[in-house]
Amino acid sequence: MDRARLATFLRTRRDTLQPEDVGLPRGRRRRTAGLRREEVAALCAVSTDYYSRLEQERGPHPSEQMLTSISRGLHLSAEERDHLFRLGGYATPRRAGRSDRIEPGTLRILDRLADTPAQVVTLLGETLRQTAPAVALLGDETRHTGLARSLHYRWFTDPGTRVIHPKDDHPAHSRALASHLHATYARDGKGSRAAAVVDALLPASAEFALLWREHPVLESYCAPKRILHPELGLLELHCQTLMDPDRSQALQVFTAAPGSESDEKMRSLSVGGEHRV
């Protein structure tokens with residue numbers, strides 16, 4: 001525990017938090033830059049004396065539960081909460097699964113890729129948005145609901161999901177998807193959306209259950225992807241991935257080697273010449 005830095009961090013965050021931010025009246029006689037200690041203590045559900053001693057570098061070692069309460073009371077961001085836990089001498093807590101909201105910066109990049117197959121997906125393979133060429137290449141992957149929103153779930157339960165790839169590539173895709181899911185489950189833990197997918201897949205797919213027991217680890221090398229398009233035939237592509245800041249979503253961009261046969265075929269997608277159903 002770093003008492004001095006913890007105290008400074010609490011003071012700076014209290015100073016920047018305004019009464020209006022937490023639904024309190026400002027009043028005419030307010031002299032502090034931000035909130036008063038007694039106001040923050042009430043928001044954190046602790047005594048004023050306890051909170052004051054933390055800011056004065058003479059308080060007890062707060063528990064993880066207490067730091068969680070303080071982070072909520074101070075309206076800390078996820079990054080600020082993690083910093084608070086590190087100052088308190090604890091490992092950073094697991095983050096809850098994020099919503100389907102796409103970061104504005106990622107959306108701006110996606111909008112500039114209107115003529116390129118690109119899409120935003122979560123770590124569970126849930127497609128949130130696609131460009132028109134991506135729909136033409138892969139189909140509308142945003143239409144799925146429930147567990148089927150996850151590509152990891154569909155791959156092991158719906159044979160129709162696999163027709164987009166040559167049969168020889170299926171084992172590699174199975175292992176890669178199991179590895180992705182294993183990494184997400186390890187990050188998010190029990191009670192997460194990843195855990196729900198795992199719990200559903202284990203009794204539903206013997207192939208997945210076998211891979212899961214092997215504890216597959218994600219490989220850093222991303223091999224070229226072969227995609228079978230109903231009109232264009234076999235396409236050999238690369239999938240470049242850009243992760244968002246908290247690594248909960250990824251922007252995937254599909255490209256072909258310049259001048260290759262696949263590159264020529266891909267050009268028809270950019271003008272809307274071919275579409276999957």
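The values are calculated or read from the model by the stated rules, or taken from the named source; none is laboratory data. Quick caveat: nothing in here was measured; it's all calculated off a predicted structure. Positions of Cβ are backbone-derived with ideal geometry, glycine not excepted, and every protein chain shown enters the neighbour counts.
Annotations
- Taken as a whole, the condition of being surrounded by 17 or more Cβ atoms within 10 Å (Cβ to Cβ) and at pLDDT 85 or above applies to residue 10.
- Condition met for residue 269 (at pLDDT below 80, within 25 Å of residue 108 (Cα to Cα), of a type in the set (A, V, I, L, M, F, W, C) and within 29 Å of the chain's Cα centre (by Cα)): yes
- Restricting region 127-158 to residues that are surrounded by fewer than 21 Cβ atoms within 10 Å (Cβ to Cβ) and hydroxyl-bearing (Ser, Thr, Tyr), the residue that is farthest from residue 205 (Cα to Cα): 142
- Number of the condition not met by residue 256 [criteria: (1) of a type outside the set (Lys, Arg); (2) under 20 Å from the mean Cα position of the chain (by Cα); (3) modelled with pLDDT of 90 or more]: (2)
- Of all the criteria given as (1) within 16 Å of the chain's Cα centre (by Cα); (2) surrounded by 16 or more Cβ atoms within 10 Å (Cβ to Cβ), the one not satisfied by residue 84 is (1).
- Meets criteria (surrounded by fewer than 13 Cβ atoms within 10 Å (Cβ to Cβ), modelled with pLDDT under 85 and small (Gly, Ala, Ser)) for residue 23: yes
- Selection count where residues are of a type outside the set (A, V, I, L, M) and either in contact (Cβ under 8 Å) with a residue 40 or more places away in the chain or touching a strand residue (DSSP E or B) at 6+ places or on another chain (Cβ under 8 Å) (or both), scope region 156-207: 16
- 1 or more residues under 25 Å from residue 247 (Cβ atoms), of a type outside the set (A, V, I, L, M) and without any contact (Cβ under 8 Å) to a residue 60 or more places away in the chain: qualifying helices (runs of 4 or more DSSP H) within region 1-91: 64-73, 78-87
- Residues (loosely packed, with under 12 Cβ neighbours inside 10 Å, β-branched (Val, Ile, Thr) and farther than 14 Å from residue 119 by Cα) located in region 203-260: 217
- Test: residue in region 187-209 that is in contact with a Ser or Thr (Cβ under 7 Å, 6 or more places away or on another chain) and among the acidic types (Asp, Glu): yes
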